[in-house]
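Notes follow the structure.
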Amino acid sequence: MKQSALSKLGHRSEAPPISWLMEVTLSRPQLISLAAGFTDNESLPVSDARDLLNDLLRTRKTGQAALQYGTTAGDPVLRELTAQDFRLLDGVLDNDKAYHADRMIITNGSQQMLYMVTEALCDEGDIVLVEDPTYFVYIGILQSHGLRGRGVKMQEDGLNLEHLEKTLESLKKSGEIKRVKMLYLVSYYQNPTGLTTSFEKKAAALKLLRKYEKAAGHPIYLLEDAAYRELRFKGGDVKSALAAKGFGNRVIYAGTYSKPFATGTRVGFGILPDPVYTAVVRIKGNHDFGTSNLLQQLLVKAISSGKYEEHLTTLQRRYAKKAKGMLAAMKQFFPSEVQWWEPQGGLYYYARLPKALKTGAKSKLFQKALARDVLYVPGELCYANDPTRRKPENEMRLSFGGGTEQNIHIGIERLGGVLREMLGK
Ligand SMILES: Cc1ncc(COP(=O)(O)O)c(C=O)c1O
């Protein structure tokens, strides 16, 4: 038998770069990884989680409820608490229908939300507009489903609207607009660039998408991935796209508790308009018919006891410190030609090197860095396979999430050494 039994999806799915980066990290304990998107290990809320779980399992009644299956859409109390919090963040009234708990689903990390929404909306050959660069794990979802990513340029204040319009116009001209299903936007302290797209820009993007719906023959959604929204350490919060008046039926919002509380819990959530909501709940029914009830109950306890908010404040302070430390080290050790944007939250700096310096996994630079026990994410992994442009090869993502302040300093010093050497300095 020569033929493989794998499905098209089975065949297409490539090894996600994240797995490879994790393997390299784990196989070299001395390595300082500025690559993996791990969160701060020291501050993980171990004793809070222990107390809250103890409390949860103290009586038979609450214990049994937590250890039993739940519903597919998620625990009603957690959905309501999440909706309340979200309304507060966006400054809307309690009776605003767009933010109703009935439109909410609790998922296994926001990653599952992204996967299911893409499954619910896209068929092979369809197009998703993505930021250039974007979250590289999402590129894997596109690739394995045979979807096409079209890159929209980024600028200092987020998405480049002129380029979005140009892209939509050229897709209309080529007749491919019919295949465009959504714009995927990592709008807060973006992974990988750290950039934030303003509320005004999100509202303008929604208007543009609507303008092309007639030619598309169907709605074009904005999938707002707000994974880092709560990890803000500078500036004010930015309203979500859901707050754009008149567009509540075009915005799909993906949020998470894993970054602001504990990554290991992997509890995420989504707010979706119908008919996408119904389709996603049905897909989740087939995937796993519900997120871990125990972990959802843990979050209910954490939120209602105030522990969640307390922990978040600690986290924001820690990331602010680490970001400051990384910035100081880059200023001290990187050659002056290296450029970066300063994020107001999240976990990343994104560095652009002189054009001649390639950063890919096979590059001299990457190999030299590895030999000095420091790892980064090559920027080219964060660009969708869009045949209309070349992927930049001289960029790198640097995370201050997982490392200690000391390790971040040493890691940047080592990387700076390699960069200077490569530039003959
Ligand atoms: C932009 C972005 N979205 C979504 C996720 C998924 O996170 P989780 O599934 O833990 O909520 C991540 C994780 O790194 C991310 O960086």
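The values are calculated or read from the model by the stated rules, or taken from the named source; none is laboratory data. Keep in mind that this is a model prediction, so the values were computed, not measured. Note: ideal-geometry Cβ built from the backbone for every residue, glycine included; neighbour counts use all protein chains shown. Side chains included, ligands, DNA and RNA excluded: accessible areas come from the protein's heavy atoms. Shrake-Rupley method; radii C 1.70, N 1.55, O 1.52, S 1.80 Å.
Given the whole protein assembly as supplied and a 1.4 Å probe, what does the accessible area of LYS425 come to in Å², nearest 10?
My reading of the accessible area for LYS425 is about 120 Å².
Per the Kirkwood treatment, what hydrodynamic radius in Å, one decimal, follows for the chain from the mean inverse distance over all distinct Cα pairs?
22.4
Ignoring everything but the protein chains, give the 1.4 Å probe accessible area of TRP20 in square angstrom, nearest 10.
90
Using alpha carbon coordinates only, what is the Rg to Rh ratio of region 18-172, with Rh defined as the Kirkwood radius?
1.04
Mean-square fluctuation check for the chain, GNM, Cα pairs under 10 Å: which of GLN112, GLN155, GLN296 is largest?
GLN155
Give the share of C-alpha pairs in each 5 angstrom bin for region 277-360, from 0 to the last occupied bin, in whole percents, shortest bins first.
Once binned at 5 Å, the Cα pair distances of region 277-360 give 3, 10, 13, 11, 11, 10, 11, 11, 10, 8, 2.
Restricting the count to DSSP beta bridges whose residues both fall in region 68-305, what percent are antiparallel, rounded to a multiple of 5?
Within region 68-305, antiparallel bridges account for around 35 percent of the total.
Going by Cα centres, region 21-38 and region 132-191 are how many Å apart?
Cα centroid to Cα centroid, the span is 29 Å.
Ignoring everything but the protein chains, give the 1.4 Å probe accessible area of HIS409 in square angstrom, nearest 10.
Result for HIS409: roughly 70 Å² accessible.
List the residues whose amide H sits under 5 Å from the amide H of GLY158, counting only those 5 or more places along or on another chain, with H placed 1.01 Å from N in the peptide plane.
Amide H neighbours of GLY158: THR196.
Students often forget the sequence filter, so: which aspartates and glutamates lie under 17 Å Cα-Cα from LYS259 once same-chain residues fewer than 8 apart are removed?
ASP40, GLU42, ASP48, ASP85, GLU224, ASP225, GLU230, ASP237, GLU309, GLU310
Please list the equivalent ellipsoid semi-axes of region 22-68, computed as the square roots of five times the alpha-carbon gyration tensor eigenvalues, in descending order and whole angstrom.
Working from the Cα gyration tensor, I get semi-axes of 36, 12, 8 Å.
Could you work out [θ]222 nm for the chain from helices alone, using -39500 (n - 2.57) per DSSP H run of at least four and dividing by all its residues? Round to the nearest 500 deg cm²/dmol.
That comes out to -13000 deg cm²/dmol.
What dipole magnitude, in Debye to the nearest 20, does region 68-305 give about its Cα centre under +1 on Lys/Arg Cβ and -1 on Asp/Glu Cβ? Let's see the in-between values first.
Working: 30 positive and 27 negative charges, 76 e Å.
Using Cβ point charges on Lys, Arg, Asp and Glu, region 68-305 gives about 360 debye.
Net charge around CYS382, counting only other residues with Cβ within less than 11 Å of its Cβ (Lys, Arg = +1; Asp, Glu = -1)?
-2
Using the Karplus curve 6.51 cos²θ - 1.76 cosθ + 1.60 with θ = phi - 60°, what ³J(HN,Hα) values do you get for each residue of region 100-115, in whole Hz, with x for Gly and Pro?
Rounded to whole hertz, the list is 6, 4, 5, 9, 9, 10, 9, 10, 7, x, 6, 4, 5, 4, 4, 5.
Show me, for region 394-409, the HN-Hα J-couplings you get by feeding each phi into the Karplus relation (A = 6.51, B = -1.76, C = 1.60, θ = phi - 60°), rounded to Hz, glycine and proline as x.
10, 10, 8, 9, 10, 9, 9, x, x, x, 7, 4, 5, 5, 4, 4
Of ALA216, LEU171, VAL238, which is farthest towards the positive pole of region 166-321's charge dipole, taken about the Cα centre with +1 and -1 on the beta-carbons of Lys, Arg and Asp, Glu respectively?
Looking along the dipole axis, the top candidate is LEU171.
Could the peptides 415-424, 235-244 be put in order, highest first, of the mean number of other beta-carbon atoms found within 10 Å of their residues?
With the highest mean Cβ count within 10 Å placed first, the list reads 235-244, 415-424.
Hey, which lysines would be in cross-link range of LYS201, C-alpha to C-alpha under 20 Å, not counting anything within fewer than 8 residues on its own chain?
Output for LYS201: LYS153, LYS166, LYS181, LYS211, LYS234, LYS239, LYS245.
Starting at the first residue of region 352-357, write each ³J(HN,Hα) from the Karplus equation 6.51 cos²θ - 1.76 cosθ + 1.60 with θ = phi - 60°, in whole Hz, x for Gly and Pro.
For region 352-357, the Karplus curve yields 10, 9, x, 3, 5, 8 Hz.
For region 68-305, just run the numbers: alpha carbon Rg, then divide by 2.2 N^0.38 Å, N being how many residues it has.
Relative to the rule-of-thumb radius for its length, region 68-305 sits at 0.96.
Which whole-number percent of Cα pairs in region 112-231 have a distance greater than 23 Å?
23
Distance from the Cα centre of region 74-117 to that of region 236-292, in angstrom?
6
Determine which residues of region 369-386 fall in the zone a paramagnetic label at LYS8 would reach in this model, i.e. backbone nitrogen under 20 Å from the point 7 Å along Cα→Cβ.
Hits in region 369-386 for LYS8 at 20 Å: 385-386.
Given that compact globular proteins tend to follow 2.2 N^0.38 Å, what is the ratio of the alpha-carbon Rg of region 160-287 to that value? Display every interim value, and only then the final one.
Values: Rg = 15.6 Å, N = 128, 2.2 N^0.38 = 13.9 Å.
Its radius of gyration relative to the 2.2 N^0.38 Å reference: 1.12.
At a Förster distance of 60 Å, what's the computed FRET efficiency of ASN54 paired with LYS153, Cβ-Cβ distance as r, to 0.05?
Taking R0 as 60 Å, the efficiency between ASN54 and LYS153 is 0.75.
Remind me, relative contact order of region 68-305 in percent, using alpha carbon pairs under 8 angstrom and six or more residues apart?
29
Identify which of LEU370, LEU67, LEU398 has the largest mean-square fluctuation in a Gaussian network model of the chain, with springs joining Cα atoms closer than 10 Å.
Of the options given, LEU67 has the highest mean-square fluctuation.
On the accessible surface of region 68-305, probed at 1.4 Å, how many percent belong to carbon and sulfur atoms?
On region 68-305, the fraction of accessible area on carbon and sulfur atoms equals 53 percent.
Provide the gained length on full extension for the span GLN367 to ALA328, in nm with one decimal, where the gain is 0.36 nm per separating residue minus the Cα-Cα distance.
11.6 nm
Report the calculated FRET efficiency for ILE283 and HIS163 (r = Cβ-Cβ distance, R0 = 51 Å), to the nearest 0.05.
With R0 = 51 Å, the Cβ-Cβ based efficiency is 0.95.
If I take all pairs of Cα atoms in region 351-425, what percentage of them are more than 18 Å from each other?
40
When N is the residue count of region 41-107, what does its C-alpha Rg come to as a fraction of 2.2 N^0.38 Å?
Numbers: Rg = 15.2 Å, N = 67, 2.2 N^0.38 = 10.9 Å.
Against the compact-globule rule of thumb, the ratio is 1.40.
What fraction of the Cα pairs in region 238-321, stated in percent, has a spacing above 15 angstrom?
Details: 2393 of 3486 pairs.
Percentage above 15 Å: 69.
Rounded to the nearest 5, what % of DSSP beta bridges with both residues in region 172-294 are antiparallel?
For region 172-294, the DSSP antiparallel bridge percentage is about 30.
Please report, in debye to the nearest 20, how large the charge dipole of the chain is about its Cα centre when each Lys and Arg carries +1 at its beta carbon and each Asp and Glu carries -1 there.
Dipole magnitude for the chain comes out near 820 debye.
Find out how many positive minus negative residues lie around LYS307, taking Lys and Arg as positive, Asp and Glu as negative, among other residues whose Cβ is under 11 Å from that of LYS307.
-4
What length, rounded to one decimal in nm, is gained on full extension from THR404 through to SER174, with 0.36 nm per residue of separation minus their alpha-carbon distance?
That works out to 77.8 nm of additional length.
Rolling a 1.4 Å sphere over the protein heavy atoms, what is the accessible area per residue of the chain, to the nearest Å²?
Here the residues of the chain average 45 Å² of exposed surface.
Provide the percentage of antiparallel DSSP beta bridges, counting only those with both residues in the chain; round to the nearest 5. Intermediate values should be presented prior to the final figure.
Details: 21 of 42 bridges.
Approximately 50 percent, going by the DSSP bridge assignments.
Could you compute the FRET efficiency for GLN84 and THR313, with r as their C-beta to C-beta distance and R0 at 22 Å, rounded to 0.05?
Approximately 0.75, to the nearest 0.05.
Full extension from THR71 to ARG389: what is 0.36 nm times the residue separation minus their Cα-Cα distance, to one decimal in nm?
110.0 nm
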